[in-house]
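Asker: Below you'll find the structure I mean.
Quick note: the coordinates plus some simple rules give every number you see, no bench work behind them. Since the model is a prediction, treat every value here as computed from it, not as a measurement. Every residue, glycine as well, gets a Cβ built from its backbone with ideal geometry; the counts of neighbours run over all protein chains shown.
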């Protein structure tokens, strides 16, 4: 039952990542489309726009959510892939522990950078 919930969360995180990535691509790479919806800026890569975005609470929340869902989706998938190998079943606990430590480190680093840059 636990594994079923984790798998459903894995699918849900992929669904959320799709929309967050779509938003990112539209906002950063197609500003004309976003301006048509009265959202976004004309030149999202200008330094003044980047710093303004880094200070925005909404963007910090969106980047943090993107980080959480991407890390969970990626590391849960990697864990399952590694455990399905010939030696993976024998080292399942080691794989889970190592991947968890790496994911937690990446989460802390990502949140730190997101909130440190914005000031």
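Asker: Can you tell me the FRET efficiency between residue 9 and residue 48 if r is taken as the Cβ-Cβ distance and R0 is 35 Å, rounded to the nearest 0.05? The partial results should precede the final answer.
Answerer: Values: r = 38 Å, r/R0 = 1.10.
In this case the efficiency is close to 0.35.
Asker: Shifting gears a bit: Could you give the length gained by full extension between residue 33 and residue 99, i.e. 0.36 nm per residue of separation minus their alpha carbon distance, to one decimal place?
Answerer: On the way: separation 66, 0.36 × 66 = 23.76 nm, distance 3.89 nm.
Using 0.36 nm per residue and subtracting the Cα-Cα distance, I get 19.9 nm.
Asker: Now a separate question. Go ahead and estimate [θ] at 222 nm for the chain from helices alone: -39,500 (n - 2.57) per DSSP H run with n ≥ 4, summed, over the residue count, rounded to 500. Let's see the in-between values first.
Answerer: Values: 5 runs with 97 residues, N = 119.
The per-residue figure over the chain is -28000 deg cm²/dmol.
Asker: What whole-number volume per residue, in cubic angstrom, does the convex hull of the C-alpha atoms of the chain give?
Answerer: Details: hull volume 14.5 nm³, N = 119.
Normalising the Cα hull of the chain by residue number yields 122 Å³.
Asker: Sticking with this structure for a sec: Relative contact order for the chain: what is it in percent, counting Cα pairs under 8 Å that are at least 6 residues apart?
Answerer: Working: 76 pairs, mean separation 34.7, N = 119.
After rounding, I find 29 percent.
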